[in-house]
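Engineer: There's a structure below that I have some questions on.
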Amino acid sequence: MKTYASIAELVADSSLVADVTVESQTQTTIGGIPFTLSSVAVDGVLRGTGAPNMLVVDQVGDTSASAGPLMASGGQYLVFLTPAPDGNYYIVGVGAGLFQDSGSAYARLDTESPALPASVSHAAMETLIQAVP
């Protein structure tokens, strides 16, 4: 699994960066691997175009075991996304591209990329994202 050392690296590997709210979740198995599928409302797009109002984010794992941090129903997040083959999306770096929105700042949830900032204000994150060509 790739680790990330900067927001710029996450942006470079993302096709969409968005503020989302988890509306609902289902758990399934694909090829014997557990997945959590989160239907999310797109509250705002920080990078990318053509984002739908709703999309589905596939995360490896379920409540019993996961490859990284899982979103929670009702939670608000900043997500760095890449398209999945089924038309859904994956979070870049499994969990590296998942930040919890506290209302004034984004908090890193991933433990596999400790070089990423632990917390970033909304304004600072937008500046970091927009700085990437």
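The values are calculated or read from the model by the stated rules, or taken from the named source; none is laboratory data. Since this is a predicted model, take the numbers as computed values, not measurements. All Cβ positions, glycine included, derive from the backbone under ideal geometry; neighbour counts span all protein chains shown.
Engineer: Sort out which residues of segment 97-114 are at pLDDT 95 or above and either among the small types (Gly, Ala, Ser) or touching an Asp or Glu at 6+ places or on another chain (Cβ under 8 Å) (or both), and write them in order of number.
Structural biologist: Once the filter is applied, which keeps residues that are at pLDDT 95 or above and either among the small types (Gly, Ala, Ser) or touching an Asp or Glu at 6+ places or on another chain (Cβ under 8 Å) (or both), segment 97-114 yields Gly97, Leu98, Asp101, Ala105, Ala107.
Engineer: Has segment 105-128 got at least one residue that is under 22 Å from Thr29 (Cα atoms) and either touching a helix residue (DSSP H, G or I) at 6+ places or on another chain (Cβ under 8 Å) or hydroxyl-bearing (Ser, Thr, Tyr) (or both)?
Structural biologist: no
Engineer: Testing Gly93 on (1) of a type in the set (Gly, Ala, Ser); (2) touching a residue at least 12 places away in the same chain (Cβ under 8 Å); (3) more than 24 Å from Pro133 (Cβ to Cβ), one condition comes back false. Which one is that?
Structural biologist: Against the list (1) of a type in the set (Gly, Ala, Ser); (2) touching a residue at least 12 places away in the same chain (Cβ under 8 Å); (3) more than 24 Å from Pro133 (Cβ to Cβ), Gly93 comes up short only on (3).
Engineer: Next up: Please enumerate the residues belonging to segment 39-69 that are within 20 Å of Thr111 (Cβ to Cβ) and either under 14 Å from the mean Cα position of the chain (by Cα) or not aliphatic (A, V, I, L, M) (or both). So that I can check it myself, show each step before the final result.
Structural biologist: Quick first cut of segment 39-69, residues within 20 Å of Thr111 (Cβ to Cβ) only: 57, 59-69.
Scanning segment 39-69 gives Val57, Gln59, Val60, Gly61, Asp62, Thr63, Ser64, Ser66, Ala67, Gly68, Pro69.
Engineer: Within segment 19-35, take every residue that is at pLDDT 95 or above and touching a Gly at 6+ places or on another chain (Cβ under 9 Å) and give me the one that is farthest from Lys2 (Cα to Cα).
Structural biologist: Ranking the candidates gives Glu23 first.
Engineer: Moving on. Answer with yes or no whether Ser104 is in contact (Cβ under 8 Å) with a residue 60 or more places away in the chain and of a type outside the set (Lys, Arg).
Structural biologist: So Ser104 does not fit the description; no.
Engineer: Continuing with the same structure: For segment 84-133, how many residues meet the condition of being over 12 Å from the mean Cα position of the chain (by Cα), of a type outside the set (A, V, I, L, M, F, W, C), under 19 Å from Gly68 (Cβ atoms) and not in a loop (DSSP other than H, G, I, E, B)?
Structural biologist: So the count comes out to 1.
Engineer: Residues that are more than 16 Å from Ala84 (Cα to Cα) and out of contact with any helix residue (DSSP H, G or I) (no Cβ under 8 Å at 6 or more places or on another chain): find the strands (runs of 3 or more DSSP E) completely inside segment 1-68 holding 2 or more of those.
Structural biologist: In segment 1-68, the matching strands (runs of 3 or more DSSP E) lie at 16-30, 33-47.
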